[in-house]
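All remarks here apply to the structure that follows.
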Amino acid sequence: MIVMSAVRHAAAGAAALLLAVLPVPTASAAVLAEPTPPVRHFVDPARLDRSGTQVQRLKGAPELPSLSAKSWVVADASTGDVLAARNAHRRLPPASTLKTLFALTALPHHDPDERHTVADEELAGIGEGSSLVGVKEGYTYKVSDLWNGVFLSSGNDAVHVLAAMNGGWDAMARRMQAKARSLGALDTHVVSPDGYDAPGQVSSAYDLAVFGRAGLQDPLFVRYCSTPYADFPAGSWSYGIANTNRLLTGADGVARYPGLIGVKNGYTSNAGNTLVVAAKRGSRTLVVSVMNPRGGGFAVYEEARALLDWGFEASSLVQPVGSLQPRKGQRPALAKAGTRPKAQPEDPPTAQAQAHGQAQAAGRVQAQAAERPAKTRVQAGPEADGPSPASDARATPGALAGTASNRAAPTGTTAGLPLALVGAALGAALSLWLWRRFGARAN
């Protein structure tokens, strides 16, 4: 009886202490409790280095359109997320889409209303067959007129004059090279700032999308690239010029694209047709780059249209396959502008991706190794054009089981607290019972 009474007193004391120390769940507490955060999907930063089409479609996402372009990218202009791409880092001649990088480099240095009188030497060295807006030596132009000539007529004469105003042709090539690297555009090699075909001059669909996205952050860039028509001065009179981007003007039987912002088109016999466009629909803005479609003619506009349509429909139904943001820890060696880089195969199935990846391997491996211990990575969505390498770090059943067991079995102070309270309560209750029983007799 004595033992049973002591146990009852100990149990009562333990219950009282536990109720005083531990919180009791209530209906309001259940409502205010934090929801379980959604699973964060890992975006492989090296995925865009691979050849072929890269896309991660979720349930209900539309199929990608069938395209003939050698490379292309469709990305969210606000976040930089690449929604889908094909041969994103394949190095190809950019033609006049390289003028986007020229504008990013030179635009900030002169006020649009500044006036400049063109000298004869500023028009020297323009490539044969270049597109021209009609700049004449001895004439005085506003800077805004020259930029209209660059964006609307793709005028290499206007580029030469603006380059002369910014340190000269070779200096501009070096500055453009540095600007490209600062934006994380590692595929671009600048030889001729106007985009004219030159040995070794290359860019990529990825880099062109980077330039287009960066341009959208500059109001002057947007103003020029979205202008469909303008008057170009010619002394005492002027003449009209039209933007050669048919998606913007609807010329030559190409229907205008609703919400189109710009950006720049290009063509040379070596590069074929190239195009960077941006369009807004609702609260979303997309940027698309297309390089050298095999259809010829105006196929570049129709393929860009198809990618914009797909991107607006699929933007919330795909997982990003990369980003237009520069990779952290990336410190590439700067190529010297105006010189020819090492020869590369024109159409390599995998060598281009390997070459691009090797140039960044050390920084990427260190960055990925530093991130892996922090969280379990899960990559969702179907693969396209080949399986992922082992470095995709997909979670294995064993890894998931281990993670679950760690969550289910708390350790350390958290696990020991309730047992310690129970033990203390039992001890206190037993001491109280002994004092009452034997202490009272002693008195």
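The values are calculated or read from the model by the stated rules, or taken from the named source; none is laboratory data. These figures come from a predicted structure and were not determined experimentally. FYI the Cβ positions are ideal-geometry reconstructions off the backbone, even for glycines, and counts take in every protein chain you see. Just so you know, the surface numbers come from the protein's heavy atoms only, side chains and all, with ligands and any DNA or RNA stripped out. Shrake-Rupley method; radii C 1.70, N 1.55, O 1.52, S 1.80 Å.
What to note about this one:
- For the range 221-248, a residue qualifies if it is of a type outside the set (Phe, Trp, Tyr), assigned to a helix (DSSP H, G or I) and crowded, with 17+ Cβ neighbours inside 10 Å, and the qualifying residues are CYS225, ARG246, LEU247, LEU248.
- Test: SER269 is among the polar types (S, T, N, Q), at pLDDT below 95 and closer than 26 Å to SER71 by Cβ: yes
- When ALA271, ALA251, ALA255 are checked against the criterion of being over 24 Å from TYR196 (Cβ atoms), out of contact with any Leu (no Cβ under 6 Å at 6 or more places or on another chain) and among the hydrophobic types (A, V, I, L, M, F, W, C), a single residue qualifies: ALA255.
Let's see how each residue does on (1) closer than 17 Å to ALA314 by Cβ; (2) hydroxyl-bearing (Ser, Thr, Tyr); (3) open to solvent by less than 20 Å² (accessible area, probe 1.4 Å):
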site: ASP49; (1), (2), (3): no, no, yes
site: GLN54; (1), (2), (3): yes, no, yes
site: GLY60; (1), (2), (3): yes, no, no
site: GLU63; (1), (2), (3): yes, no, no
site: SER66; (1), (2), (3): yes, yes, no
site: ALA75; (1), (2), (3): yes, no, yes
site: LEU83; (1), (2), (3): yes, no, yes
site: PRO93; (1), (2), (3): no, no, no
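- Set side by side, the residues ALA185, ALA171, ALA205, ALA163 differ, and just one is open to solvent by less than 30 Å² (accessible area, probe 1.4 Å) and free of Cβ contacts under 8 Å to residues at least 24 places away in the same chain, which is ALA171.
- Any hit, the range 129-137, residues being crowded, with 19+ Cβ neighbours inside 10 Å, out of contact with any Ser or Thr (no Cβ under 6 Å at 6 or more places or on another chain), outside any loop (DSSP other than H, G, I, E, B) and among the hydrophobic types (A, V, I, L, M, F, W, C): no
- Among (1) open to solvent by less than 10 Å² (accessible area, probe 1.4 Å); (2) in a loop (DSSP other than H, G, I, E, B); (3) out of contact with any Lys or Arg (no Cβ under 7 Å at 6 or more places or on another chain); (4) closer than 27 Å to GLU137 by Cβ, the one test that ALA198 misses: (1)
- Within the range 295-322, the set of residues being closer than 22 Å to THR188 by Cα and either open to solvent by 20 Å² or more (accessible area, probe 1.4 Å) or not in a helix (DSSP H, G or I) (or both) comprises VAL321, GLY322.
- Evaluated against (1) open to solvent by 10 Å² or more (accessible area, probe 1.4 Å); (2) under 21 Å from the mean Cα position of the chain (by Cα); (3) in contact (Cβ under 8 Å) with a residue 60 or more places away in the chain, GLN177 falls short on exactly one condition, (1).
- Qualifying residue in the range 274-286 (condition: open to solvent by 20 Å² or more (accessible area, probe 1.4 Å) and assigned to a loop (DSSP other than H, G, I, E, B)): yes
- Residue-level check: of (1) over 23 Å from ALA242 (Cβ atoms); (2) of a type outside the set (D, E, K, R); (3) assigned to a loop (DSSP other than H, G, I, E, B), VAL74 misses just (3).
- Within the range 180-204, the set of residues being under 12 Å from the mean Cα position of the chain (by Cα) and of a type in the set (Gly, Ala, Ser) comprises GLY184, ALA185.
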